[in-house]
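K.L.:
What follows is a structure written as structure tokens; I'll ask about it next.
The values are calculated or read from the model by the stated rules, or taken from the named source; none is laboratory data. Every value quoted in this text rests on a predicted model; they were computed, and no experiment measured them. Here the Cβ positions follow ideal geometry from the backbone for every residue, glycine too, while neighbour counts run over all protein chains shown.
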Amino acid sequence: MRIPTILILMGLSYSYAFSQQLEVEGPVSLPGLQNDLIADSIVTINNNGSLGKRAISTFTSDLDSLNEIQAFSVSATGDTLFLTKGNWIIVPGISVANQPTPDPTCSAEGEIIVTEIMANPSSVNDVYGEWFELYNTSMSPIDINGWNIADNGSNNHTINHGGPLMIPAMSYLVLGNNADSMTNGGVTVDYEYNNFSLTNIADQIILSCDALQIDSVGYGSILTIVNGVSISLSPDHLSGSANDDESNWCLSTSDINGTEVGTPGSANDACIAPVSGN
């Protein structure tokens, strides 16, 4: 038998005696992998979706003509997986798929806030053109990958960008239900979510990281949603406490595409008139 075999997973190396089941530490999740006919091994790596939790690797091999167990190595460099036997690469360049969301890095409450909401686009249907904007109030970049967006109802989405989703210091990021600017009303969306929608009358956006609520805003008590016009937080009130007060919000005035009105991804319009949609 050719043992031990070495498993290298995202730069971490493990040596182990041959076993049909191997437990390793790592954040990588791969679908079932089967090599071509010149080898005889199947490698499956699964993960429960959190960095630092156990990943289970089932490593099976048939006996060769000499009744020896065939030993293989699995290695990953960046997002490329290699299955090798001796010095031969059996399956080169297999892309990592379904990479799980690592445990999120949480910021302090109010460091990321909701600053603009398009609940009722006019140039496209709501299911193609809803979006909202986040703003990083801190002096450091913040990664929101793994955070959760929800409302007080059934809407719930965990952000899974396949890697860091950074909001630079004092900068904006747009999340929407459609990242295709050709079909979403001409908006540049930085992250596309699902299982989350905004009603045209009253709703909430709750942003959380693990059990920590980072920000929460609601609309519909004072502001009336206008078709094709986003509601935006006054640039004079960019804080997690000030955006809780709906009187600090107003209707946007800047043109997006000749039909929609808003400032996705950039500084909001000044709120110079009383807050009203009537």
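K.L.:
Quick check, is residue 228 under 15 Å from residue 131 (Cβ atoms) and either out of contact with any Phe, Trp or Tyr (no Cβ under 8 Å at 6 or more places or on another chain) or of a type in the set (Lys, Arg) (or both)?
P.N.:
Values: under 15 Å from residue 131 (Cβ atoms): yes; either out of contact with any Phe, Trp or Tyr (no Cβ under 8 Å at 6 or more places or on another chain) or of a type in the set (Lys, Arg) (or both): yes.
Judged against the criteria, residue 228 is a match.
K.L.:
Also, quick follow-up: What pairs can you find where one residue is in segment 147-171 and more than 18 Å from residue 107 (Cα to Cα) and charged (D, E, K, R), the other is modelled with pLDDT of 90 or more and not in a loop (DSSP other than H, G, I, E, B), and their Cβ atoms are less than 9 Å apart, with a gap of 6+ or different chains?
P.N.:
These pairs meet every condition: 151/203; 151/204; 151/205; 151/206; 151/218.
K.L.:
For segment 231-263: of the residues being small (Gly, Ala, Ser) and over 25 Å from the mean Cα position of the chain (by Cα), which is surrounded by the fewest Cβ atoms within 10 Å (Cβ to Cβ)?
P.N.:
Within segment 231-263, the first condition is being small (Gly, Ala, Ser), and the residues that meet it are 232, 234, 239-242, 247, 252, 254, 258, 262.
Keeping just the survivors that are over 25 Å from the mean Cα position of the chain (by Cα) gives 234, 241-242, 247, 252, 254, 258.
On the way: 234: 20, 241: 12, 242: 16, 247: 14, 252: 24, 254: 15, 258: 8.
Looking at the filtered set, the residue picked out is 258.
K.L.:
If you scan segment 231-278, which residues turn out to be in a strand (DSSP E or B) and either of a type in the set (Asp, Glu) or at pLDDT below 95 (or both)?
P.N.:
Start the filter on segment 231-278 by keeping residues that are in a strand (DSSP E or B), which leaves 231-233, 249-251, 255, 261.
Residue satisfying the conditions is 255 alone.
K.L.:
Now, a different point. Would a scan of segment 266-275 turn up a residue that is over 29 Å from the mean Cα position of the chain (by Cα), buried (at least 20 other Cβ atoms within 10 Å of the Cβ) and over 25 Å from residue 106 (Cα atoms)?
P.N.:
Yes, that holds for at least one residue.
K.L.:
Now, a different point. If residue 217 satisfies every condition in (1) out of contact with any Phe, Trp or Tyr (no Cβ under 8 Å at 6 or more places or on another chain); (2) among the β-branched types (Val, Ile, Thr); (3) in a loop (DSSP other than H, G, I, E, B) but one, which is the exception?
P.N.:
Result: residue 217 fails condition (3) only.
K.L.:
Considering only segment 122-129, I want to know if a residue exists there that is under 20 Å from residue 268 (Cα atoms), out of contact with any strand residue (DSSP E or B) (no Cβ under 7 Å at 6 or more places or on another chain) and surrounded by fewer than 18 Cβ atoms within 10 Å (Cβ to Cβ).
P.N.:
The answer is yes, given that some residue of segment 122-129 is under 20 Å from residue 268 (Cα atoms), out of contact with any strand residue (DSSP E or B) (no Cβ under 7 Å at 6 or more places or on another chain) and surrounded by fewer than 18 Cβ atoms within 10 Å (Cβ to Cβ).
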